[in-house]
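The values are calculated or read from the model by the stated rules, or taken from the named source; none is laboratory data. It should be emphasised that the depicted structure is a prediction, and the values quoted were computed from it without experimental measurement. Backbone-built Cβ (ideal geometry, glycine too); neighbour counts: all protein chains shown.
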Number of protein chains: 2
Amino acid sequence: MTHFDPESQGDVAELAPEDGEEGVIRPEFVADVADAVAAEDPDEVRRLAGELHEADLATLIENLPSDSRPKLIELMGRDFDFAALTEVDSNIRDQIFEELQTRTVAEGMSELEPDDALVLLEDFNRKEQSEILEAMPAIERVALQRSLEYPENSAGRLMQTTLVTAPPFWTAGQMIDFLRDAPEEDLPESFFEIFVVDPAHRLLGTVFLDQLLRVNAQAELGNILDTDRRRIDVDEDREDVARLFQRYNLISAPVVDRAERLVGVVTIDDVVDVIREEADEEIKALGGVSPSEELSDSIWWTAKSRFLWLFVNLITAFIASSVLGIFQNQLQKMVALAVLAPIVASQGGNAATQTMTVVVRALATRQLTKLNTWRVIGREVFVGGLNGAIFGIITGVGALFWFGLPGLGIVIAFAMVTNLLAGALGGILIPLALHRLRIDPAVSSGAFVTTVTDCVGYGSFLTFATLWFGLR
Amino acid sequence: MTHFDPESQGDVAELAPEDGEEGVIRPEFVADVADAVAAEDPDEVRRLAGELHEADLATLIENLPSDSRPKLIELMGRDFDFAALTEVDSNIRDQIFEELQTRTVAEGMSELEPDDALVLLEDFNRKEQSEILEAMPAIERVALQRSLEYPENSAGRLMQTTLVTAPPFWTAGQMIDFLRDAPEEDLPESFFEIFVVDPAHRLLGTVFLDQLLRVNAQAELGNILDTDRRRIDVDEDREDVARLFQRYNLISAPVVDRAERLVGVVTIDDVVDVIREEADEEIKALGGVSPSEELSDSIWWTAKSRFLWLFVNLITAFIASSVLGIFQNQLQKMVALAVLAPIVASQGGNAATQTMTVVVRALATRQLTKLNTWRVIGREVFVGGLNGAIFGIITGVGALFWFGLPGLGIVIAFAMVTNLLAGALGGILIPLALHRLRIDPAVSSGAFVTTVTDCVGYGSFLTFATLWFGLR
């Protein structure tokens, strides 16, 4: 077999093979599908791609030539699972949607769970959204319209709205009978708990299915329900929701509106995506990359999005160099200073980046609190001073042997201590200050911190040298 | 109320308050508990801390003075939930365990789910583990001993081993009767699915509880089971497990041994911790910080763990400066070169870090595959050249105005293009090469990449200047 084998996908080894090189999808398989699409052979396309898991179908789509992508969807018709599009890189998704007819999109979306449909719908502008919604059956349309009213990135957008609810006076036996007799379309595709509500649809508590099955058939739901569930406000930011899930190891949490009425449920599989996206954004921010940058972005867009960060850095580099500019006479008289100054700046920058990374992390995970801020500041300054002293000695000895000037070793040693102390302070105080000002410290700390260590590094080294050697 | 109110913990706003300043725990509450512990008043301690969620209890413990921590556990006795210790910072946990008696630890651990007990047990050395296991009841001991035989970081350590299994010929009605009549201790604390196995305990498929409740009581499990579950090998690395869960949006996955026998189940709440830890490690690695560094680490340990990375950087800084050293004559003749050279190096370093961040991310998420590597390399080089040209012009104009030498502007412009191209190549090829060599690119790329941009930055700028101005 040269393609995905649905039976073997359960085998992790194939998905993430030992040699770490093979992708999850084979080029030959992509080529076969592309050929079938080019030949406009719907049966062959269905045979190849019809049984794929949505995640694998998404990978396939991403790897097809761009004009084959919408064609594949049209050829597969009703057999195409639109859920795959939620897994596709957003640029590729946009490109596909441009080619597809509104009717095809509306039909495909009606088949999805509302939370998946919402992810796709968010890609369109207001006008397009209305057109697609118009073309959908009434039930799906109303549910989606309601979800769109919640703020972006809120729990309301994240939650599932198809729930199983019951009154507290029902018995476990009645509940089971109800579930057995309910028409398939009245129940969610999958569910793990029953929400017990009062007549005003206010949440009284939940009964997990395993609990329902353990108890006597005569037990009333009102007596076996778990009231101690953490509730989420429908307007709550999804990052706060993710933090709540992580802190309390939740599997799911009911979502209520301002009147305490049950409106949905957030489950952990939705939250996993939020956790992953948050981590992704933090890593990119620390590396000076836009959180929305994707591998599929065009060259122009990528260059433009990286430009701003580089421009800020250019300004800070000029500021740092202007410190060198002040000491031009000294540099000319003793050129070894020009050679050694970057070492002091670089070592301070790296030590400060370590501190900054720890602090940004601790702020993101809420581990840095009022209770331990002073202790952490003290620790960082002490570590900076200690490593500064050690690296001062090492660098001093290195400079002494390189240039044969004992004074140069002493001067660079003191500059190193000074700069690592400055780096420790900058590395902690700058992210803390930005956090207080409600600026994401992951995005903005780096530029400020290295400016501090560059300027203090150059400035201290050249000032000490000026004094020691009596340069003017 | 001056302390945690269990009723209000469901309110996300209180846990992550608007001003971003208040911690999740109030200093006054910590002080009250510390006082009660100091007064050795078990009733007061239980009143204050007895109803806390394990995550809040962990936060409380972390914020208590260190000698109060084991005392709190002893005072609370059987009311202390050892699950809280799984949430406590590992240094603090080690310190607590040193003070507690083996018997207390063994009793506390017997109360836990096996996967939680395993997390705690992994903190001890072989000898201590045996002592604790000896002091535990036989059933818990045997289960833990079996888990300890699986490799560290394997699915076997992550999985839960208490499962509900059934033969395929049972009907839904029989299954429900079985669950109703089973003694509480024979069932897992919570479960979402029934595993259908053959007489050799090989997995045939699973029946989710909602499915069990939907079908007719006479339906046989063998006819309603879902055979299409992705199975995990018990020796599989937990990071691969996490990737599988994320890719296929899994809620749980059965774990099988080499003979295809069902041995456990991994659920998504265990995987969330793996995802979070992985992201944490990647962020720290990119910042030059040890993945195991925690805020509670001592000054000495922290300084030592950061030393190695800084030492590697010091060596690379000396290498970069040695490039400057080659051009000492030229620097002396034209000191402006010494002032401007760091700008070229810094801009290249930042552009390369952007590329490196994107590449390290794409490798971690398996988005960079054989199929798109060349396209991404091409894109990065093009972006590097484009931004290099733009920043070359900006920097050139800046240098011209600063020093009034048109030649200097031209020289720095060409050096900038050269270095941003070198940075793009280094930023992508170095992580790719490290990945092939099975070295974590997040940990090691940074030092190599900035060495490239420092050396190429200084070298190209000073070479071009030497040629243009005829310096010797």
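Annotations
- Residue in segment A:80-89 that is over 24 Å from B:Leu250 (Cα atoms), assigned by TED's automatic domain parsing to the domain that holds A:Gln145 and out of contact with any strand residue (DSSP E or B) (no Cβ under 6 Å at 6 or more places or on another chain) present: no
- Listed by position, the helices (runs of 4 or more DSSP H) inside segment B:93-167 whose residues that are in the same structural domain as B:Thr206 (by TED's automatic domain parsing), at pLDDT 90 or above and of a type in the set (D, E, K, R) number at least 2 form an empty set.
- In the set (1) buried (at least 21 other Cβ atoms within 10 Å of the Cβ); (2) closer than 28 Å to A:Val376 by Cβ; (3) out of contact with any Gly (no Cβ under 9 Å at 6 or more places or on another chain), the condition left unmet by B:Gln95 is number (1).
- Residue check for A:Ala465: buried (at least 22 other Cβ atoms within 10 Å of the Cβ), in the same structural domain as A:Gly385 (by TED's automatic domain parsing) and in a helix (DSSP H, G or I): yes
- Search result, residues across segment A:127-158 that are of a type in the set (A, V, I, L, M) and more than 14 Å from every other protein chain (Cβ to nearest Cβ): A:Ile132, A:Leu133, A:Ala135, A:Met136, A:Ala138, A:Ile139, A:Val142, A:Ala143, A:Leu144, A:Leu148
- Some residue of segment A:58-79 being surrounded by fewer than 20 Cβ atoms within 10 Å (Cβ to Cβ) and modelled with pLDDT under 85: no
Each row is one residue, and each column tells you yes or no for (1) touching a strand residue (DSSP E or B) at 6+ places or on another chain (Cβ under 9 Å); (2) under 16 Å from B:Val411 (Cα atoms); (3) more than 7 Å from every other protein chain (Cβ to nearest Cβ); (4) surrounded by 24 or more Cβ atoms within 10 Å (Cβ to Cβ).
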residue: B:Ser322; (1), (2), (3), (4): no, no, yes, no
residue: B:Gln332; (1), (2), (3), (4): no, no, no, no
residue: B:Leu337; (1), (2), (3), (4): no, yes, yes, yes
residue: B:Ala341; (1), (2), (3), (4): no, yes, yes, yes
residue: B:Ala345; (1), (2), (3), (4): no, yes, yes, yes
residue: B:Asn350; (1), (2), (3), (4): no, no, no, yes
residue: B:Val358; (1), (2), (3), (4): no, no, no, yes
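- Condition check for A:Ile412: on the phi < 0 side of the Ramachandran plot and facing another protein chain (nearest Cβ under 8 Å): no
- Taken over segment A:184-225, the criterion of being under 32 Å from the mean Cα position of the chain (by Cα) and at pLDDT below 90 is satisfied by A:Leu187, A:Pro188, A:Glu189, A:Ser190, A:Phe191, A:Phe192.
- A:Asp116 meets all of the listed conditions (1) more than 14 Å from chain B (Cβ to nearest Cβ); (2) among the charged types (D, E, K, R); (3) within 23 Å of A:Glu87 (Cα to Cα); (4) in contact with a Phe, Trp or Tyr (Cβ under 9 Å, 6 or more places away or on another chain) but one, namely (1).
- Of the criteria (1) in contact (Cβ under 8 Å) with a residue 40 or more places away in the chain; (2) over 19 Å from B:Val207 (Cβ atoms), which one A:Glu189 fails: (2)
- Taking the listed residues A:Thr463, A:Thr451, the one that is out of contact with any helix residue (DSSP H, G or I) (no Cβ under 7 Å at 6 or more places or on another chain) and either on the phi < 0 side of the Ramachandran plot or at pLDDT below 95 (or both) is A:Thr463, with no other qualifying.
- Filtering segment A:57-105 to residues that are over 22 Å from A:Trp301 (Cβ atoms), among the charged types (D, E, K, R) and more than 26 Å from the chain's Cα centre (by Cα) leaves A:Lys71, A:Glu74, A:Arg78, A:Asp79, A:Arg103.
- The residues of segment B:433-446 that are of a type in the set (A, V, I, L, M, F, W, C) and crowded, with 17+ Cβ neighbours inside 10 Å, listed by number, are B:Leu434, B:Ala442, B:Val443.
- Any hit, segment B:324-347, residues being within 20 Å of A:Ile390 (Cβ to Cβ) and at pLDDT below 95: no
- Residue check: B:Leu421 meets all listed conditions (1) more than 12 Å from chain A (Cβ to nearest Cβ); (2) under 25 Å from A:Ala351 (Cα atoms); (3) crowded, with 19+ Cβ neighbours inside 10 Å but one, namely (2).
- Verdict on A:Thr316 being in contact (Cβ under 8 Å) with a residue 60 or more places away in the chain, more than 20 Å from A:Leu118 (Cβ to Cβ) and facing another protein chain (nearest Cβ under 10 Å): yes
- When the residues of segment B:372-390 are filtered to those that are within 28 Å of the chain's Cα centre (by Cα) and at the interface with chain A (Cβ under 8 Å from one of its Cβ atoms), the one that is modelled with the lowest pLDDT is B:Asn372.
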